[in-house]
(Lines give C-alpha, C1' and ligand atoms only; values in the text may rest on other atoms or scores of the structure.)
Protein backbone atom coordinates (compact mmCIF):
# COMPACT_ATOMS: atom_id res chain seq x y z
CA UNK A 1 0.00 0.00 0.00
CA UNK A 2 2.83 2.41 0.89
CA UNK A 3 4.70 1.61 -2.32
CA UNK A 4 1.65 2.19 -4.52
CA UNK A 5 0.95 5.52 -2.83
CA UNK A 6 4.61 6.47 -3.15
CA UNK A 7 4.60 5.71 -6.88
CA UNK A 8 1.46 7.77 -7.45
CA UNK A 9 2.95 10.75 -5.64
CA UNK A 10 6.51 10.47 -6.98
CA UNK A 11 5.37 10.16 -10.58
CA UNK A 12 3.97 13.69 -10.31
CA UNK A 13 7.30 15.29 -9.34
CA UNK A 14 10.05 12.88 -10.42
CA UNK A 15 9.65 13.44 -14.14
CA UNK A 16 9.54 9.76 -15.11
CA UNK A 17 8.30 6.42 -13.86
CA UNK A 18 11.89 5.17 -13.68
CA UNK A 19 12.89 7.98 -11.30
CA UNK A 20 9.71 7.46 -9.27
CA UNK A 21 10.54 3.75 -8.97
CA UNK A 22 14.12 4.53 -7.90
CA UNK A 23 12.80 6.90 -5.25
CA UNK A 24 10.16 4.50 -3.93
CA UNK A 25 12.61 1.58 -3.90
CA UNK A 26 14.97 3.73 -1.83
CA UNK A 27 12.17 4.74 0.53
CA UNK A 28 10.99 1.16 1.01
CA UNK A 29 14.49 -0.14 1.66
CA UNK A 30 15.25 2.52 4.27
CA UNK A 31 11.85 2.21 5.92
CA UNK A 32 12.14 -1.56 6.19
CA UNK A 33 15.54 -1.21 7.87
CA UNK A 34 14.29 1.39 10.36
CA UNK A 35 10.90 -0.19 10.96
CA UNK A 36 10.94 -3.93 10.21
CA UNK A 37 7.45 -4.18 11.69
CA UNK A 38 4.82 -2.49 9.52
CA UNK A 39 2.77 -1.37 12.52
CA UNK A 40 5.84 0.44 13.91
CA UNK A 41 6.18 2.39 10.67
CA UNK A 42 2.51 3.35 10.77
CA UNK A 43 2.77 4.44 14.41
CA UNK A 44 5.73 6.68 13.56
CA UNK A 45 4.56 7.96 10.18
CA UNK A 46 5.23 11.60 11.14
CA UNK A 47 8.85 10.89 11.96
CA UNK A 48 9.15 8.73 8.83
CA UNK A 49 8.04 11.61 6.61
CA UNK A 50 10.57 13.99 8.18
CA UNK A 51 13.44 11.51 8.49
CA UNK A 52 16.62 12.96 6.88
CA UNK A 53 17.72 9.54 5.59
CA UNK A 54 14.43 9.13 3.77
CA UNK A 55 14.53 12.68 2.44
CA UNK A 56 17.90 11.83 0.90
CA UNK A 57 16.08 9.43 -1.41
CA UNK A 58 14.39 12.40 -3.08
CA UNK A 59 17.64 14.35 -3.29
CA UNK A 60 19.33 11.38 -4.96
CA UNK A 61 16.60 11.10 -7.58
CA UNK A 62 16.55 14.82 -8.30
CA UNK A 63 20.32 15.05 -8.28
CA UNK A 64 20.47 17.66 -5.53
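Tabulated results
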read-out: Qualifying residues in the range 1-35 (those that are outside any helix (DSSP H, G or I) and surrounded by fewer than 17 Cβ atoms within 10 Å (Cβ to Cβ)) - the one modelled with the highest pLDDT; value: 16
read-out: Answer residue from the range 46-56, given it is in a helix (DSSP H, G or I) and surrounded by 11 or more Cβ atoms within 10 Å (Cβ to Cβ) and is modelled with the lowest pLDDT among those; value: 48
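The values are calculated or read from the model by the stated rules, or taken from the named source; none is laboratory data. Treat the numbers as computed from the prediction; the structure is a model and nothing was measured. Positions of Cβ are generated from backbone atoms using ideal geometry, with glycine treated the same way; all protein chains shown enter the neighbour counts.
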